[in-house]
Amino acid sequence: MSNLENLYREIILDHYRSPRNRGELATPPAHKVEGFNPLCGDEVTLYLDVHDGVLADIKMTGHGCSISQSSSSLMSAAVKGKALEDVHATIDTFKELMTGHEVALEEHHDVEVDLRRLGELAALQGVVKFPVRIKCATLAWNTLRQGLEEVAAS
Amino acid sequence: MATGARVTSFNARRVRADVPLLRRMVNGRRITYLDSGASSLQPRAVIEAMSRYYELRHANVHRGVYQTANEATEEYEGARAAVASFINAPGGPDEVVFTKNTTESFNLLAHSWGASTLTPGDVVLVSEMEHHANIVPWFQLRDATGIEVRFIPVSDDYRLDLTKLDELLEGVKLVSVTAMSNVLGTKNPIGELAQAAHGAGALIAVDAAQSIVHGPTDVRELDVDFLAFSGHKMLGPTGIGVLWTRASVLESMPPFLGGGGMIADVRLDGFTPAKGVARFEAGTPPIAETVGLHAAVRYLEGLGMDNVADHDHELTVDALSRLESNFAGRVRIVGPHDTKDRGGVISLDVEGVHPHDVAQVLDEFGVCVRPGHHCAKPLMRRFGLAATARASFGPYSLKSDTDVLLEALEAAISMFG
């Protein structure tokens, strides 16, 4: 598979064309948080419904490239309905995937476990070979973390 | 000052052969460089002039008495004279200030001329199609001094809307506009704007960053007061730019950066600035870069800027017509379709494919285009866009570059379609 085909896997294109959990939630009770990538103009707005230590619902709006939008969509599907500690663990694992170099990934003894835990999200690993696109992939995740921190602080 | 006296000859294939970087392979294919709007590539003559300078003549300028120091100074001042001649400056080299780039030129203009001349309520009239370099320094000045920054709107056909120009010129002290949009490719009627500005008692500054390499620039004919451009967009190196200012205006401008080289005297109670352009060039300047710029100017004069403009026009007409016929309804051209007063900068909005994804797929074909807002966010907002993918030509571009662009665009569309 070429780097390009590895980057734009079918699952990514699918989430780009048909994003999951698209829309808004009433605020309050949901918490709204916005993320921007000033370099390329990508935007993501997340609506987080957190109660009893669970991310009960998540919706999002925004626009951007296939990587940023599919990453948001994949993320929403992966974290919706999860306990907050699992959500944080998923964020950590995903960010590790994005920061890990190829070699580190190959040598990392937990890689198999990590990829399995990431499920469909593992499709985004091709992004690592395109350093300038990593910020596209991580935009939604950084925004989610910020939103959860804001919820925790309020 | 013998503009036009040189024998010129233009052959784009020969120009291409002069540029070493165009031989590079990217992803298994010969590079197709369509990002000259961001930065042009250098012919060997420029690279070698800079190497020769470092190998044989480097010393600090305007200081030493020894042989190489004199030669370095001659090189530096020779570049200034070449630039003055290239733009037909009425006052010659004494009107040419070297800066780092167009952005620094506009900052110098705002901080020196602007801050010393403008008072609260005075208006600087820019346009909606400006690069941030010709917007942000004026906003900074506005925030510091209380001037007003006003915008000439852009019409739906991607041209300056000058229908209400008289009204817009009310209270204006400076009109500051681009000669050619770095997003739309639109060439603006600078002569007409200069006449209107002067008629309203205002001066006019021109952002020539794009236009400088797409056709001839004659500040006398345009009758403008300031002209800003960068070396690296006209086949020269990065790190060198120009602010040309009409001598009568330049005399009244205070220094902006202080330090060595810009003074006539420094005492314990203060300093006296140097006369002329030296007072704007504090610190050791980018000497080798001016040597490179000089070589670029010579090279472009050898091609003939009229020939360069004709070539650019031919490439633009060809690319626009092929884009329209091959991709009707799938690719929107964000810029004038009318090729009159339009240069070889072509912004594309590909249906259903984000510009970053377009550029990523194009890279697989060795095609270099720029995705993004091109430092013109007010303009992007005007057309409801977050970004475009922009292809831009240089004197070394060929129709075969457009062939590869079209092939790669087809692949991008089918991948995401």
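The values are calculated or read from the model by the stated rules, or taken from the named source; none is laboratory data. Note that this is a predicted model, so its numbers are computed, not measured. Cβ: placed from backbone, ideal geometry, glycine included. Neighbour counts: every protein chain shown. Note: areas computed on protein heavy atoms with side chains; ligands, DNA, RNA excluded. Shrake-Rupley method; radii C 1.70, N 1.55, O 1.52, S 1.80 Å.
Details
- From the options B:347, B:325, B:321, residue that is of a type in the set (Gly, Ala, Ser) and in contact with a strand residue (DSSP E or B) (Cβ under 8 Å, 6 or more places away or on another chain): B:347
- Of all the residues in the stretch B:216-257, those that are over 28 Å from residue B:35 (Cβ atoms) and among the aromatic types (Phe, Trp, Tyr) number 1.
- For residue B:352, the requirement of being surrounded by fewer than 19 Cβ atoms within 10 Å (Cβ to Cβ) and within 14 Å of another protein chain (Cβ to nearest Cβ) is met.
Each row is one residue, and each column tells you yes or no for (1) surrounded by 17 or more Cβ atoms within 10 Å (Cβ to Cβ); (2) away from every other protein chain (no Cβ under 14 Å); (3) touching a strand residue (DSSP E or B) at 6+ places or on another chain (Cβ under 8 Å).
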| residue | (1), (2), (3) |
| --- | --- |
| A:10 | no, no, no |
| A:23 | no, yes, yes |
| A:26 | no, yes, no |
| A:29 | no, yes, yes |
| A:44 | yes, no, yes |
| A:49 | yes, yes, yes |
| A:69 | yes, no, yes |
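- Any chance residue B:379 is assigned to a helix (DSSP H, G or I), under 17 Å from residue B:184 (Cβ atoms), more than 14 Å from chain A (Cβ to nearest Cβ) and touching a residue at least 60 places away in the same chain (Cβ under 8 Å): no
- Residue check for residue B:358: surrounded by 24 or more Cβ atoms within 10 Å (Cβ to Cβ), within 12 Å of chain A (Cβ to nearest Cβ) and under 24 Å from residue B:24 (Cα atoms): yes
- Answer residue from the stretch A:71-97, given it is more than 23 Å from residue A:134 (Cα to Cα) and part of a helix (DSSP H, G or I) and is farthest from the other protein chains (Cβ to nearest Cβ) among those: A:85
- Counting only residues that are within 16 Å of the chain's Cα centre (by Cα) and crowded, with 24+ Cβ neighbours inside 10 Å, the stretch B:188-203 holds 1 of them.
- 1 or more residues over 27 Å from residue B:55 (Cβ atoms) and open to solvent by 10 Å² or more (accessible area, probe 1.4 Å): qualifying helices (runs of 4 or more DSSP H) within the stretch B:217-309: B:219-222, B:247-250
- Filter result for residue B:340 (away from chain A (no Cβ under 14 Å), surrounded by fewer than 22 Cβ atoms within 10 Å (Cβ to Cβ) and farther than 20 Å from residue B:154 by Cα): no
- Residue within the stretch B:383-390 that is outside any helix (DSSP H, G or I), in contact (Cβ under 8 Å) with a residue 60 or more places away in the chain and within 21 Å of residue B:314 (Cα to Cα) present: yes
- Counted residues, the stretch B:382-400 - those being more than 14 Å from chain A (Cβ to nearest Cβ) and surrounded by 23 or more Cβ atoms within 10 Å (Cβ to Cβ): 7
- Any pair with Cβ under 7 angstrom, 6 or more apart, that starts in the stretch B:98-112 at a residue that is basic (Lys, Arg) and ends at one that is open to solvent by 10 Å² or more (accessible area, probe 1.4 Å): B:100/B:239
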